[in-house]
Structures are given as C-alpha cells and as structure tokens.
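The values are calculated or read from the model by the stated rules, or taken from the named source; none is laboratory data. Values in this document were obtained by computation on a predicted structure and should not be read as measured data. Note that we place each Cβ from the backbone using ideal geometry, even for glycine, and neighbour counts take in every protein chain shown.
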Amino acid sequence: MDIELDQLIGYFTNTSYRVAGVYHYCIAPGSSGRQMTAPFPGFIFPIRGKAQYSFNGTPYTTGQGKVVHGGADMTLDKLVLGNEQWEYISIFYDSISNEAISLTDSHFEITTGQSVRLLELIRRMHSAFGRPGAISAFQSEVLFRCVLEEMFVCAKNLKNNGARALYENVTSYIHNHYMERLTVRELASMNGVSQNRLFYIFKKYAGMGPGDYTIRYRLNQAKELLITSDAPVGEIAASVGYVDALHFSRLFKKRFSVSPSELRAKFQE
C-alpha cells in the first residue's frame, strides 16, 4: 500500500506505542516459506543480503537501504534471493492510536539509503531488548524512538533531496564520533551521497567543507579539555581523534594562534 512519509511521521508523533519484540535472524540462500505474521505490526531492517516478502499477496523486494513494514496477522510469503545469507532484525511494536490510519493492518516499504547510524541503533536496540531488567526495557523504548527518527530523516533526505536534514544528520554523527577516524568519503558513503554533494551542503550551511568542520569541532573540544582538565596534551589529542600529538599541536596553534600548552598556562595564571 502507499503511505505518505509525513503521514507516517505524524502517526508515530501522536501515537502511544511500546516495543513488543526485537529479533535477529540469519536465513540461508534460497530459503522460502509461508506463515502468518506476528500479532503485532513491525519493521524489517535488512543487514545483509536480499529477500522478497509478500504480505497478503503484495510483494516487496528488500535489502540494505530499504525497510519493510508488515501488519499484524497477515499471510506472509518470503523468499531469500541470490547466493548470500539473508540477515535482518525485526522490531515489533504495539500501539494505541486515534489516527485516521492504522498500521496494524498496513504493509509498505521505506527507502532510507545506506545509514551506518541506523544499523548501529538497531543493533544496540536488539542488545538492550535481550537483557533483563527495567533499565534495559527503558533503553529499548528510547532506542526505538532513535531508530524511527534516523529512518525518517534518511527517507526524507532521499525523498526531497533535503539538504538541511542531511547536513544535520552528518553534523550529529560528527559530534558523536569525532574521536574516531572520520573521512569525507566515509561520511558521504554512509549517507548515500557523493563527496561533492556533501561538500556543497557543508559550504552552504557551515561555510566550510566537512573535513574542516570536523577539524574545527575536534579542536574546540580539545580547547575545552585543556581549560577544564589536567590531562596531558598527548592524552587530550588522542581523545579528540589525533594519535599524533605534534600534528595536533600544529593544527591547534594554526586555529587559536597559541599552542595547547600556552593556552593552558594562560588560563592557569
């Protein structure tokens, strides 16, 4: 069935829901079968391989970058395509809604493009759901909202070439992973755009390319640590993503016109 993305976002904005199950599956190539779906609606998030799912006779071909939603208590035919193992995580939910649409009896697909963050979130959600205790249950609910947000942002980017949403998605990733090795090529690839496109968007909204943005953010974080902590310069350099302390010091002096040691001494006077 066809469903507007904004209508779907509105549904989850105005609906009370809870996570009913998170399950990880690996299925051999060529496998097929027919069954009834679970008594809850849910999303299928591909990790590896391809498969075809038919809900009440309507087929969807899914793989990385394409999420499928299935309704509750539907006839499901499935077939693993190609020679690769089909690996995916299913997230089921229960909801109470007064919305005009009902996802309990709805099936559709959402094209998200490749998103490393989305895969990371669903893996974390699967891990949290499998642990006992109230904290783990709470984490599962919070992570489901994060999964929905990332899925909607990615889909919005592809749907209307949303430059602002893409910029915010990439900058958010940089803010959370600046201490890791980041390249413009990887940032572009994980968001399904070219390096030139990503550079254009950053120049538009930040006035600089994504590489320079990452450097500036790292140096600003380092400056804060130099002022508020007694950690050695080399340790601070490593904590913001620079294994070479000398290279870090050169970048820092170029940015702030003083060396890291000089800045610290100035604030300790």
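Among the residues of region 88-103, how many are modelled with pLDDT of 90 or more and either within 14 Å of Ala72 (Cβ to Cβ) or more than 19 Å from the chain's Cα centre (by Cα) (or both)? Residues meeting the conditions: 5. The selection criterion, being in contact with a strand residue (DSSP E or B) (Cβ under 9 Å, 6 or more places away or on another chain), farther than 30 Å from Thr75 by Cβ and of a type outside the set (Asp, Glu), does not hold for Ala163.
Figure legend. Inter-residue proximity from region 223-236: first residues outside any helix (DSSP H, G or I), second residues among the hydroxyl-bearing types (Ser, Thr, Tyr), beta-carbon distance below 8 Å, spacing 6+ or different chains. Indicated pairs: Ala231/Ser239.
Within region 104-121, being outside any loop (DSSP other than H, G, I, E, B) and under 17 Å from Gly70 (Cα atoms) holds for Thr104, Asp105, Phe108, Glu109, Ile110, Thr111. Residues that are buried (at least 17 other Cβ atoms within 10 Å of the Cβ) and closer than 25 Å to Val243 by Cα are absent from region 196-203 altogether. May I ask you to verify whether Ser95 is within 23 Å of Leu8 (Cβ to Cβ), among the hydroxyl-bearing types (Ser, Thr, Tyr) and assigned to a strand (DSSP E or B)? Taking the combined requirement at face value, the residue satisfies it.
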